[in-house]
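Visitor: Structure in structure tokens, see below.
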Amino acid sequence: MKSFFLALFSIFLTQITKAQSPSQKDSITVLEEVILTDTVLTKNATGIVPSSVIDTKSFQNYSPIDMVSAINQIPGVFVLSGALNTNKITIRGIGARSQYGTDKLQLYYNDIPLTNGTGSSTIETYDLENLDGIEVIKGPKGTAYGTGLGGAIILHSGENTKEATSLENNFTTGSYGLLKNNLSFSHSDTKLSLMVSYGHMETDGYRENNRFERDGILVNTSYKINSKNKVSFLLNHIDYSAQIPSSISRSAFDEDPKQAAFTWKSAQGFEDNNYTLAGFSYQHEFSSSLENTTSIFYTYLDHYEPRPFNILDEITNGYGFRSRFLGNFNFLQRKAEYTFGAELYKDEYNWGTFDNLYEENNGNSSLKGGRISDNKEFRRKLNGFGSLTLPLTDQFTAQIGLNINKTHYDFRDKFNSGSYNKNAKRDFKAIVLPSLDLNYKLNEYHFIYANISRGFSNPSLERSLTPEGVINPDIAQETGINYELGGQFNFFKKKLHLDLAVYRMDIENLLVNQRIGEDQYIGKNAGSTKHQGIDLELSYTIALTPQLQLRPFINYTLSDFSFVEFIDGENDFSGNPLTGVPKNRLNSGLQMQMNNGFYWNTTHQYVDKISLTDANTLYSDAFNVLNTKIGYRKELSSRFTIGLNLGINNIFDTKYAQSVLINATGFGGSEPRYYYPGNGLNWYGGLKLGIQI
């Protein structure tokens, strides 16, 4: 590997010398593949207030298994990653108090909702190489996308628009036994667009009991019936198994971050998932001023997870529809736009737990014992939404939006009978969520915007229970109001780009988790929080020569979040900084692109210390991580393309916690386990081959 890197690096330096030599002819002045854009801004999802988008130009700056680093470049968005299968996404501090997964935001694949009936989302079930982009709406201003307190994330699979037939294979290998291969076929003509992709990945992982293996297939196709009608079909199937090393204590982290938690290693804990998403969409243009897209979808998840304390076995069937109308009309001699629609998601969740007899299995991992519980949940959520965009002048535009949500839970206890039975229903009242956006265009290079919007978050059904397991009708939905000012500014013929947002969100009926067992939590409304901060993106594109471009960038996040009122039993945490969020984060880097196909990208991430307890008595350590990647991509002919890349992550082998567990509790006198160690120094390399048939 070292000799390969040195050879590639030598070639790269040679190409730079040629690019800067006065004798070099300026025969080509257009870059074959521009990768100097990390985040771009669009108004597709939210209307006149921009959302952040990362696309394939950003993805190729990282390992194809590293979706987390790509998302973490976006200011205000922070993914805490315990493992490839354990990710917690927080947006402006929302979701930081979740224990193991992502909630309080809405996740979509194209226009299909993926967040389950209780608000949980799992982005790790999707292959980064099958995506064309990831769009992030920060806060509840996405009226048509659920108005979750955290916002929304939209995964775009893209569509082949170039009329051609091609086959592409991308092979990656690296540290910790990493092997990944993605084979894709695409075809596009005037009527049909088809993409079929198969991917396999396996890695032993950095830690003990950390092996991950995944197979997946994606089918994405559309057919244009005529100029006014189009149908699309999407199928995404993932089958993966992942061992779970779990979190470790501070002492274990300092001693050897590679070790797994003792009980999880002894039980050889893991999860096995079989996940399918199928969706059918129909798009119809009624006229030049009105069109509709309607989708129906089905999701299936079969999840089996042996843990030291029990074995969880669950199956979820989800289905629903989403319909959205887009239209326009004349207003003050300008074009006004409107959208309205509805989205229904229903799922049936069957889950049960069993004794884990691993201690009686002679070291042969988990052993399924007697049943502990048997439950079924019916969960339903309905969103109605609409917005109206009015161009009041050539420079000034206003948008008003409204979302109405109705959520229902029905819990069936199939294990206990009589007075021990815990059957219950919870029907939340309809909640109305308005928003107002203002946008003022200073000139063709600069604009400023303002937003006021209301969002909400439902407690999960399990968090709605009392310690006795009965639904608590006093648990209320979290609600919050977001205030935001921002702007985009471009200088020096758009070479210097500045994106700035200042916001504050006030949240009432704060939902907190109270741990009453090793894997048992209940929820309660414990007060309110104040989220205020700054998101900043700054980049500058420098053309050193016609053949060589540089792009330095800095993305900064200031998170000044605190409890306004938080009383937990006899403890008053009012005024304390919010648990689980670093106050400062900085992502910076330097990207280099040459017109002969070579590129070199170096990125740096700084994460401030994180409070691990509500009393702020314990913090994780701040850390810096440096990554680099060098690559070459070339069209050998009109039909053949080749790509080579080599990357090194965590160059200085920094010991750091890539995720933390807040308010951890030690059982049986053991030390609390707060830390999920990040990977040490590691490398990866890839070969991509493409052919047009």
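The values are calculated or read from the model by the stated rules, or taken from the named source; none is laboratory data. Since the structure is predicted, the reported quantities are computational estimates derived from the model, not experimental observations. Positions of Cβ are backbone-derived with ideal geometry, glycine not excepted, and every protein chain shown enters the neighbour counts. The protein model used for the area step is the full one, side chains on, heavy atoms only, and it has no ligands, DNA or RNA in it. Shrake-Rupley method; radii C 1.70, N 1.55, O 1.52, S 1.80 Å.
Visitor: Tabulate in residue order the Karplus-calculated ³J(HN,Hα) for region 475-486, using 6.51 cos²θ - 1.76 cosθ + 1.60 with θ = phi - 60°, rounded to whole Hz; enter x for Gly and Pro.
Guide: 5, 9, 6, 5, 9, x, 10, 9, 10, 9, 10, x
Visitor: State the label only: which of (i) 132, 73, 45; (ii) 89, 52, 51; (iii) 86, 67, 50 corresponds to Cα extents along the principal axes in Å computed from the shown model?
Guide: It is the value labelled (iii).
Visitor: Got a sec? Charge dipole of the chain, +1 on Cβ for Lys and Arg, -1 for Asp and Glu; which of Ala96, Thr479, Tyr176 is way out at the positive end?
Guide: Highest projection toward the positive end goes to Thr479.
Visitor: Turning to a different aspect of this structure: Provide Phe59, Phe415 ordered by accessible surface of protein heavy atoms (probe 1.4 Å), highest first.
Guide: From most exposed to least exposed: Phe415, Phe59.
Visitor: To continue, here is another question. Could you let me know the centre-to-centre spacing of region 146-173 and region 634-693, using Cα atoms, in angstrom?
Guide: Rounded to whole Å, the Cα centres lie 20 Å apart.
Visitor: Run the 1.4 Å probe and let me know the accessible area of Leu438, rounded to the nearest 10 Å².
Guide: Ignoring ligands and nucleic acids, Leu438 comes out at about 60 Å².
Visitor: Can you tell me the accessible area per residue over region 140-229, all protein chains present, probe 1.4 angstrom, in square angstrom?
Guide: 38
Visitor: Give me the 1.4 Å probe accessible area per residue for region 548-693, excluding ligands and nucleic acids, in Å².
Guide: I get 42 Å² per residue for region 548-693.
Visitor: In addition: When the C-alpha atoms of region 237-348 are aligned to their principal axes, what extent does each axis show, in angstrom, from largest down?
Guide: The Cα atoms of region 237-348 stretch 70, 32, 19 Å along the principal axes, largest first.
Visitor: Hand me the tally of lysine pairs in region 166-317: alpha carbons under 24 angstrom apart, and the pair either on different chains or 8 or more positions apart.
Guide: So the count of such lysine pairs works out to 4.
Visitor: Follow-up. Hey, what do the phi angles of region 237-250 turn into as Karplus ³J(HN,Hα) couplings, whole Hz, using 6.51/-1.76/1.60 and θ = phi - 60°, x for Gly and Pro?
Guide: Along region 237-250, the couplings run 10, 10, 10, 9, 10, 9, 6, 10, x, 6, 7, 10, 6, 4 Hz.
Visitor: Helix-only mean residue ellipticity at 222 nm, the chain, DSSP H runs n ≥ 4 weighted -39,500 (n - 2.57), per residue, nearest 500. What is it?
Guide: Calculated from helices alone, the mean residue ellipticity at 222 nm is -1500 deg cm²/dmol.
Visitor: Let me confirm the definition first: pairs of Lys residues in region 330-408, 8 or more apart or on different chains, C-alpha distance under 18 Å. How many are there?
Guide: Lysine pairs, 8 or more places apart or on different chains, close enough: 4.
Visitor: Follow-up question, since we're still on this one. Quick one: length gained pulling Val564 to Asn169 fully straight, 0.36 nm per residue minus the C-alpha distance?
Guide: 136.9 nm is the gain from fully extending Val564 to Asn169.
Visitor: Still on this model: If you add up the charges near Gly95, with Lys and Arg at +1 and Asp and Glu at -1, over every other residue whose beta carbon is less than 10 angstrom from its beta carbon, what do you get?
Guide: Numbers: positive: Lys88, Arg92, Arg97, Lys104; negative: Asp103.
With Lys, Arg at +1 and Asp, Glu at -1, the neighbours total +3.
Visitor: Where the centre of each part is set by its Cα atoms, how far does region 214-287 sit from region 572-631, in angstrom?
Guide: 25
Visitor: I'd like the carbon and sulfur percentage of the solvent accessible area for region 91-239, probe radius 1.4 Å, heavy atoms only, ligands and nucleic acids excluded.
Guide: Ligands and nucleic acids excluded, carbon and sulfur give 56 percent.
Visitor: Share of region 330-469's accessible area from carbon and sulfur, percent, 1.4 Å?
Guide: C and S atoms contribute 53 percent here.
Visitor: Then there's this: Apply the Karplus curve 6.51 cos²θ - 1.76 cosθ + 1.60, θ = phi - 60°, to the phi angles in region 141-157 and return the couplings in whole Hz, x for Gly and Pro.
Guide: Using θ = phi - 60°, the values come out as 7, x, 3, 7, 10, x, 6, x, 4, x, x, 8, 10, 10, 8, 9, 7 Hz.
Visitor: While we're on this one: Quick check: Cα centre of region 107-130 to Cα centre of region 303-372, how many Å?
Guide: Cα centroid of region 107-130 versus Cα centroid of region 303-372: 9 Å apart.
Visitor: Charges on Cβ only, +1 for Lys and Arg, -1 for Asp and Glu, centred on the Cα centroid of region 569-693; of Ser588, Val660, Gly686, which one is farthest towards the dipole's positive end?
Guide: It is Gly686.
Visitor: Right, another one. Taking the Cα centre of the chain as origin, work out the dipole magnitude from +1 charges on Lys and Arg Cβ and -1 charges on Asp and Glu Cβ, in debye rounded to 20.
Guide: With Lys and Arg at +1 and Asp and Glu at -1, about 1660 debye.
Visitor: Per residue, how much accessible area does region 369-432 show when a 1.4 Å probe rolls over the protein heavy atoms, in square angstrom? Display every interim value, and only then the final one.
Guide: Numbers: 3290 Å² over 64 residues.
That works out to 51 Å² per residue.
Visitor: Shifting gears a bit: Please tell me which of these pairs span more than 19 angstrom C-alpha to C-alpha: Lys104/Lys425; Lys138/Lys493; Lys138/Lys429; Lys162/Lys495; Lys141/Lys494; Lys88/Lys583? If you can, show how the numbers build up before the last one.
Guide: On the way: Lys104/Lys425 21 Å; Lys138/Lys493 28 Å; Lys138/Lys429 25 Å; Lys162/Lys495 29 Å; Lys141/Lys494 27 Å; Lys88/Lys583 17 Å.
Distance filter (> 19 Å) returns Lys104/Lys425; Lys138/Lys493; Lys138/Lys429; Lys162/Lys495; Lys141/Lys494.
Visitor: For Leu578, which sequence-distant residues (separation of 5 or more, or a different chain) have an amide H within less than 5 Å of its own amide H, given hydrogens modelled in the peptide plane?
Guide: Under 5 Å from the amide H of Leu578 lie the amide H atoms of Phe561, Ser562, Phe563, each far enough along the sequence or on another chain.
Visitor: Give me the percent of the accessible area of region 623-673 that comes from carbon and sulfur atoms, probe 1.4 Å, all protein chains in place.
Guide: Working: 1320 of 2450 Å².
Its accessible area is 54 percent carbon and sulfur atoms.
Visitor: Right, here's the next one. Please give the net charge around Lys381, taking every other residue with its beta carbon less than 9 angstrom from that of Lys381, where Lys and Arg add +1 and Asp and Glu add -1.
Guide: Residues close to Lys381 contribute a combined charge of +3.
Visitor: Sort 90-98, 291-299 for me by packing, meaning the mean count of neighbouring Cβ atoms within 10 Å per residue, highest on top.
Guide: Final packing ranking: 90-98, 291-299.
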